[in-house]
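The values are calculated or read from the model by the stated rules, or taken from the named source; none is laboratory data. All values derive from a computational prediction rather than experimental measurement. Note: ideal-geometry Cβ built from the backbone for every residue, glycine included; neighbour counts use all protein chains shown.
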Amino acid sequence: MSAPTRTDVLVLGGGAIGTATAFFLRLMHERSVTLLERELVGRQASGTNFGGVRRQGRTPQQMPIAHLALRTWSRVRELLGEDLEFRPYGHLRVCYSQERADVMAEYARDIRHAGLELTLLTPRQLKRHVGIFSDKVVMGSLSPEDGHANPRIAAPAFARAARRLGVELHEHTEVAHIERDGSGFLATCIDGRQWRSEQLVVCCGAWSSRLSEQFGEPAPLEFRAPSMAVTEPLPYRSGPMIAVNSGLIDEVMYFRQIERGNIVIGGGRRAEVDLDNARAHVNPDNILRQFRELQRLVPAFARVQLIRVWSGVESYLPDNKPVMGASARVDGLYYAFGFCGEGFAISPGVGEVMADLIARGRSDIDLSPYDIARFATAT
Ligand SMILES: Cc1cc2nc3c(=O)[nH]c(=O)nc-3n(C[C@H](O)[C@H](O)[C@H](O)COP(=O)(O)OP(=O)(O)OC[C@H]3O[C@@H](n4cnc5c(N)ncnc54)[C@H](O)[C@@H]3O)c2cc1C
C-alpha cells in the first residue's frame, strides 16, 4: 500500500457545506486543503433541493449565519466567477387564517431584533404587488432581500472555485474509516487509499454520524425525503418565492418560478429514504396534494401540467438544529451536518464560519447552540 497523502485540512463530503468550507479555507487562510467526495460533488441534497435562499422563518439564533450567507449569495458571481442563478426577488409567506396571521405578525416583530425587516401586506396590497392569489389569503409577510438560486449548479461551482484556489478534490472517493494518528488523523477509503491530515472536517450530510460515531460522537439523525415537483414552462414573470404558512402540514406548499418559466413546487409530507443506497423516495400523494394547494392559492394555474417529480436525502435532528463546530472529544476534529431541510441557503455562511473556526480556532458567530456535545447522553 502506498504512503498516505498529506494535507493540512481534510474535508469529507462534497455537498454545499463541504465545498463552501473548502473554498473559504483557501480563500481566507493559508492551509492546504483536500476534499473527498464519495460520488460527484453536489449529487445529494445540495443538488436536489428546492433552491430557497430565505432568512424569513429562521430562528433568531440562526439569523447571524443567514445574514452572512446572504452577503455571499449577493456577490457570488464576483466571488466564484459563475452565475448560480441567485435572484434576490424576495420571500413571501401568505396564510389563510387570522390565527396564522397573528403568528406571522408576532414573528415579524420579534425577528426585527435579529436584523430581519419584514413587510406585512394586506390582501389588497398583495393583489396590487403580486396579483395572482385567490381571495382566501388573509395576510402576507415579505422578506424583500431573500431569494432563490439553482441548487444543481451551486456546489459544483464552489468546488471549481475551490480547486482554482488550490484545493485538491477527489470524487468517487468514499471514506470508510477515520482514526487518530499521532496529533492528526488518518482517513482510509473503501479502495484502500489513505490521507493523513492535521485537521479533519466531517460534512457528509445524512451519512455524517457513520463517521462521527467512530470517535464516540453519534448524532441521532433522522432521514427524510422532501418531495419536489416542477411544471411545464409558463410565461416568465419574475417574482418572490412564495410559501403558504400554516400549522396544518397538508396546507404547507411553496413555489418559485425559474427564468426558463417552470414553476418548482415543494412542501408538505416527506417520504422515506434508503440511506444505504443513497436514494430518496417521492410521496405521490403529497405531490398531488402540493399541486392542489398550488391551484388553491393561484387559481390561474388550474390547467398547468406537472412534468417531473424528484426528491433528495436530508437529515434532521430532534431539536431541529444542525451540528456545527468542534468535536467535544477530539482536538482538530470538526463537524457540520444535519441541516434539517434548511442548509442550502446558509451553506456559504456555514462554510465561512467553519473555515474561521478551523484556521483561527474561533468564529465571530456563536456556534455553541450547535455543539455535538448536546447529544452526548446518547453515546
Ligand atoms: C428535496 C430537498 C429540498 C430542500 N430544499 C431546501 C431549500 O429550499 N432551502 C434550503 O436552505 N435547504 C433545502 N434543503 C436542505 C439542503 O439541501 C441541505 O440541508 C443541504 O444541501 C445539506 O448540504 P450538505 O453538504 O450537508 O449535505 P449533502 O448535500 O448531502 O452532501 C453530503 C455529501 O457527502 C458525501 N458523503 C457521504 N458519505 C461520505 C463518505 N463516507 N466519504 C466521502 N463523501 C461522503 C455525499 O455523497 C454527499 O455528496 C432541501 C433538501 C432536500 C433534500
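Say whether the condition of being at pLDDT 95 or above and either exposed (fewer than 14 other Cβ atoms within 10 Å of the Cβ) or closer than 18 Å to Ala326 by Cα (or both) is met by at least one residue in the stretch 253-264.
So far as the stretch 253-264 goes, yes, one or more of its residues are at pLDDT 95 or above and either exposed (fewer than 14 other Cβ atoms within 10 Å of the Cβ) or closer than 18 Å to Ala326 by Cα (or both).
Condition first: over 20 Å from Gly338 (Cα atoms) and of a type outside the set (Lys, Arg). Now tell me which residues in the stretch 189-204 satisfy that.
Cys189, Ile190, Asp191, Gly192, Gln194, Trp195, Ser197, Glu198, Gln199
For the stretch 11-22, give me each residue that is in a helix (DSSP H, G or I), within 18 Å of Glu198 (Cα to Cα) and more than 8 Å from the ligand (Cβ to nearest atom).
Selection gives Thr21, Ala22.
Starting from the stretch 166-189, keep only residues that are farther than 27 Å from Pro156 by Cα, then list their pairs with residues that are hydroxyl-bearing (Ser, Thr, Tyr) and in a strand (DSSP E or B) whose Cβ atoms are within a distance under 9 Å, requiring at least 6 positions of separation or different chains.
That search, which allows pairs on different chains as well, returns Glu179/Thr188; Asp181/Ser197; Gly184/Ser197.
Where in the stretch 276-379 are there strands (runs of 3 or more DSSP E), lying wholly inside it, with at least 1 residues that are within 30 Å of Lys136 (Cα to Cα)?
By residue number, 306-310.
In the set Ser238, Ser208, Ser246, which member is surrounded by 16 or more Cβ atoms within 10 Å (Cβ to Cβ), in the same structural domain as Leu116 (by TED's automatic domain parsing) and among the polar types (S, T, N, Q)?
None of the others qualify; the one that does is Ser246.
With Val282, Val298 as the choices, which residue is more than 16 Å from the ligand (Cβ to nearest atom) and under 24 Å from Leu248 (Cα atoms)?
That would be Val298, the only listed residue that is more than 16 Å from the ligand (Cβ to nearest atom) and under 24 Å from Leu248 (Cα atoms).
If you go through the stretch 72-80 one residue at a time, do you hit one that is out of contact with any Asp or Glu (no Cβ under 9 Å at 6 or more places or on another chain) and under 30 Å from Arg193 (Cβ atoms)?
Looking through the stretch 72-80, at least one residue is out of contact with any Asp or Glu (no Cβ under 9 Å at 6 or more places or on another chain) and under 30 Å from Arg193 (Cβ atoms).
Out of the stretch 154-204, which residues are among the basic types (Lys, Arg) and either crowded, with 22+ Cβ neighbours inside 10 Å or outside any strand (DSSP E or B) (or both)?
Result: Arg160, Arg163, Arg164, Arg193.
Looking at Arg31, Arg26, which one is buried (at least 17 other Cβ atoms within 10 Å of the Cβ), in contact with a strand residue (DSSP E or B) (Cβ under 7 Å, 6 or more places away or on another chain) and at pLDDT below 95?
Just one listed residue meets the conditions, Arg31.
For the stretch 143-153, enumerate the residues that are of a type outside the set (S, T, N, Q), crowded, with 22+ Cβ neighbours inside 10 Å and out of contact with any helix residue (DSSP H, G or I) (no Cβ under 8 Å at 6 or more places or on another chain).
His148
Among the residues of the stretch 57-71, how many are within 12 Å of the ligand (Cβ to nearest atom) and either in contact with a strand residue (DSSP E or B) (Cβ under 6 Å, 6 or more places away or on another chain) or not aliphatic (A, V, I, L, M) (or both)?
Number satisfying all stated conditions: 3.
Can you pull out the residues in the stretch 315-333 that are under 21 Å from Gln44 (Cα atoms) and either in contact with a helix residue (DSSP H, G or I) (Cβ under 9 Å, 6 or more places away or on another chain) or buried (at least 17 other Cβ atoms within 10 Å of the Cβ) (or both)?
Ser315, Tyr316, Leu317, Lys321, Pro322, Val323, Met324
Failed condition for Leu275, given (1) over 17 Å from the mean Cα position of the chain (by Cα); (2) assigned by TED's automatic domain parsing to the domain that holds Glu174; (3) within 11 Å of the ligand (Cβ to nearest atom), with all others met?
Leu275 satisfies every listed condition except (2).
Considering each of Ser208, Ser197 in turn, give the residue that is of a type in the set (Gly, Ala, Ser) and within 10 Å of the ligand (Cβ to nearest atom).
Ser208
Any idea how many residues of the stretch 222-242 are of a type outside the set (Ser, Thr, Tyr), within 11 Å of the ligand (Cβ to nearest atom) and assigned to a loop (DSSP other than H, G, I, E, B)?
Total satisfying the criteria: 1.
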